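Asker: Structure provided below as structure tokens; questions to follow.
The values are calculated or read from the model by the stated rules, or taken from the named source; none is laboratory data. Note that the coordinates shown come from a computational prediction; the quantities given were computed from them, not determined experimentally. Quick reminder, even Gly has a Cβ in these numbers, built from the backbone with ideal geometry, and neighbours come from all protein chains shown.
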Amino acid sequence: RCIASQTSGKPSPAAALLGDSVTVDRMTYPTDSLTNITPNILAKVGRNLHKLHNHPLFLIRKRIENFFYHHYVNRRGNPIFSVYDSLSPVVTLEQNFDSLLVPEHHVSRAPSESYYINSDYMLRAHTSAHQRDLIRSGLDAFLVFGDVYRRDEIDSTHYPVFHQVEGVRLFTQHELFQKVRDPSHLSIFEEHGKRMADKQEGHSMEAAKLLEHSLKTTLVNLAKHLFGKGIEARWVDAYFPFTHPSWELEIQYKGDWLEVLGCGIVEQKLLHSSGSGNQVGWAFGLGLERLAMKLFTIPDIRLFWSTDSGFLSQFDVEDPNTPVTYKPVSIFPQCTNDISFWLPSDSSYSYTPNDFYDLVRNIGGDLVEQVYLFDKFVHPKKQRTSHCYRIVYRHMERTLTQEEVNVIHRQIETSATKLLGVEIR
Ligand code: FA5
Ligand code: MG
């Protein structure tokens, strides 16, 4: 609601391209001023890479499932985590934001951050969008695998569609204090407690510390299960509206730290609204591509979308634990073209760089390896802003000619002028 009122009321550039309605995952939705989903993104919905048997995302997913199946069993030896992999990526704004206590004016709700179908529906920006509903259905431990969509920057570790696994585990007082010798004097709740850096107001310090320990050992053990005991990892404090305290886990990747997951202690208010206020719990959300890139030495996140048999056949193994090291078939040269333009002076266009990134990807598809803003300035007399972007083109399977690139580049210029209201310099 609050976002719709911020926009101009006339159809967005994307809605103008799509028409009055759009069909996503077999359902048809009317478009409106918030619609910003593009045909390029729509084509990714339903690909379900995490369910393709010869795909690296499927292998990493199986390895994660096996870790939870083997290490988390009940007294009868049955796995306690239920697994969901077929929940539709189309969710309501309420599921993606409100159910997770995301404040009404939080940056993550801006149209420049997510893909909106219309003012009521969007493509989930994270698998956390399903937390509340699954907890409400009575589950205490579950994993959700799925594709998620974000209007993000584009480089070798960021892509507008990627895959996450969500994990949630809830505990009763009895379960959490199971290993404590004399738990009779302990409670998971504290009535007049204060919110602090390391716990929520309603939680006792004992509960907060046991939950933190349980969460962090689970995730570090998962990292060791995937990468071996010697994996270098570190915890960084983080913030999420739906957990407190919150952390991110980073691992060493190509000589640098790479964030692979966010996690934390579930906000008690969320559990309360899901009918599980008598339990406490933890949750995490993990990016599958980044783990797979490290595990299989896949150099570029775009490769996950390859349908090339030279790529897929390398991951066609019976046992998901089979070691696989990706071997690039060959490396083709890059082509770099720049584009500069004046931003629209007409204030009814609310231009953001993500609008341009989408447009570039929509026209150039996976031929676009990188797009970035490398210069901007304001003309002192004209009071107009100019942006200069560098677009790096590279075909994954063959050499591109400069003429081919020029054709695409000119299409980008024409579309940017028409759809974004910019003026090429
Ligand atoms: C989240 O999405 C939270 N929902 C995670 C969470 C769940 C926190 C439950 C607390 C409790 P974040 O935006 O940091 O957090 O994304 C989680 C992971 O997704 C990142 O660590 C990264 O591995 C991956 N990721 C994020 N953006 C991209 C992208 N554009 N391309 C590839 N992977 C990405
Ligand atoms: Mg993060």
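Asker: What's the number of the condition PHE311 fails, among (1) crowded, with 19+ Cβ neighbours inside 10 Å; (2) within 25 Å of the chain's Cα centre (by Cα); (3) modelled with pLDDT of 95 or more?
Answerer: (3)
Asker: What about GLN178, is it polar (S, T, N, Q), over 28 Å from ALA14 (Cβ atoms) and modelled with pLDDT of 95 or more?
Answerer: Against the criterion (polar (S, T, N, Q), over 28 Å from ALA14 (Cβ atoms) and modelled with pLDDT of 95 or more), GLN178 does not qualify.
Asker: Can you tell which of SER112, SER33 is modelled with pLDDT under 95, surrounded by 18 or more Cβ atoms within 10 Å (Cβ to Cβ) and assigned to a loop (DSSP other than H, G, I, E, B)?
Answerer: On inspection, the qualifying residue turns out to be SER33.
Asker: Kindly check whether there is at least one residue in the stretch 396-419 that is out of contact with any helix residue (DSSP H, G or I) (no Cβ under 6 Å at 6 or more places or on another chain) and part of a strand (DSSP E or B).
Answerer: No, every residue in the stretch 396-419 fails to be out of contact with any helix residue (DSSP H, G or I) (no Cβ under 6 Å at 6 or more places or on another chain) and part of a strand (DSSP E or B).
Asker: Regarding SER204, is this residue without any contact (Cβ under 8 Å) to a residue 24 or more places away in the chain, farther than 19 Å from LEU143 by Cα, crowded, with 17+ Cβ neighbours inside 10 Å and more than 16 Å from ligand 2 (Cβ to nearest atom)?
Answerer: Working: without any contact (Cβ under 8 Å) to a residue 24 or more places away in the chain: yes; farther than 19 Å from LEU143 by Cα: yes; crowded, with 17+ Cβ neighbours inside 10 Å: yes; more than 16 Å from ligand 2 (Cβ to nearest atom): yes.
Criteria met by SER204.
Asker: Turning to a different aspect of this structure: Could you give me the residue pairs with C-beta distances under 7 Å whose first residue belongs to the stretch 245-264 and is within 14 Å of HIS213 (Cα to Cα) and of a type in the set (Phe, Trp, Tyr), whose second residue is within 8 Å of ligand 1 (Cβ to nearest atom) and modelled with pLDDT of 95 or more wherever it lies, and which are 6+ apart or on separate chains?
Answerer: What qualifies is TRP247/ALA238; TRP247/CYS263; TRP247/GLY264.
Asker: Okay, next question. Could you go through the stretch 146-168 and let me know if any residue there is surrounded by 14 or more Cβ atoms within 10 Å (Cβ to Cβ), closer than 17 Å to VAL280 by Cα and hydrophobic (A, V, I, L, M, F, W, C).
Answerer: Yes, there is a match, as at least one residue in the stretch 146-168 is surrounded by 14 or more Cβ atoms within 10 Å (Cβ to Cβ), closer than 17 Å to VAL280 by Cα and hydrophobic (A, V, I, L, M, F, W, C).
Asker: Checking the condition away from ligand 1 (no atom under 16 Å from the Cβ), aliphatic (A, V, I, L, M) and in contact with a Phe, Trp or Tyr (Cβ under 8 Å, 6 or more places away or on another chain), which residue from VAL280, VAL317, VAL324, VAL266 passes?
Answerer: The match here is VAL324.
Asker: Could you list, in sequence order, the residues of the stretch 145-187 that are charged (D, E, K, R) and near ligand 1 (Cβ under 8 Å from one of its atoms)?
Answerer: Once the filter is applied, which keeps residues that are charged (D, E, K, R) and near ligand 1 (Cβ under 8 Å from one of its atoms), the stretch 145-187 yields ARG150, ASP152, GLU153, GLU166.
Asker: VAL280 passes all but one of (1) on the phi > 0 side of the Ramachandran plot; (2) surrounded by 13 or more Cβ atoms within 10 Å (Cβ to Cβ); which number fails?
Answerer: Just one mismatch for VAL280, condition (1).
Asker: Something else now. Considering the stretch 124-142 alone, what residues qualify as being more than 16 Å from ligand 2 (Cβ to nearest atom), surrounded by 17 or more Cβ atoms within 10 Å (Cβ to Cβ) and in a helix (DSSP H, G or I)?
Answerer: Correct list: HIS130, GLN131, ARG132, LEU134, ILE135.
Residue-wise test of (1) within 16 Å of the chain's Cα centre (by Cα); (2) aromatic (Phe, Trp, Tyr); (3) assigned to a loop (DSSP other than H, G, I, E, B); (4) modelled with pLDDT of 95 or more.
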| residue | (1), (2), (3), (4) |
| --- | --- |
| SER88 | yes, no, yes, yes |
| HIS105 | no, no, yes, no |
| ASN118 | no, no, yes, yes |
| MET122 | yes, no, no, yes |
| VAL144 | yes, no, no, yes |
| ASP147 | yes, no, no, yes |
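Asker: Any chance you could count how many residues in the stretch 183-209 are in a helix (DSSP H, G or I) and under 17 Å from CYS263 (Cα atoms)?
Answerer: Final tally of qualifying residues: 3.
Asker: Then there's this: Among (1) away from ligand 2 (no atom under 16 Å from the Cβ); (2) in contact (Cβ under 8 Å) with a residue 24 or more places away in the chain, which single condition is TYR149 missing?
Answerer: Every condition holds for TYR149 apart from (1).
Asker: Report those helices (runs of 4 or more DSSP H) wholly inside the stretch 247-342 carrying at least 1 residues which are farther than 19 Å from HIS225 by Cβ and more than 16 Å from ligand 2 (Cβ to nearest atom).
Answerer: Result: 268-273, 309-312.
Asker: To continue, here is another question. So, of the residues in the stretch 211-242 that are among the charged types (D, E, K, R), exposed (fewer than 12 other Cβ atoms within 10 Å of the Cβ) and more than 16 Å from ligand 2 (Cβ to nearest atom), which turns out to be nearest to ASP98 (Cα to Cα)? Outline the logic, then answer.
Answerer: Here is the first cut: in the stretch 211-242, the residues among the charged types (D, E, K, R) are 212, 216, 224, 229, 232, 234, 237.
Now restrict to residues that are exposed (fewer than 12 other Cβ atoms within 10 Å of the Cβ): 229, 232, 234, 237.
Next cut, more than 16 Å from ligand 2 (Cβ to nearest atom) only: 229, 232.
Numbers: LYS229: 39, GLU232: 36 Å.
The selected residue is GLU232.
Asker: Every residue in the stretch 230-248 that is within 9 Å of ligand 1 (Cβ to nearest atom) and in contact with a helix residue (DSSP H, G or I) (Cβ under 6 Å, 6 or more places away or on another chain), please.
Answerer: Result: PHE242, single match.
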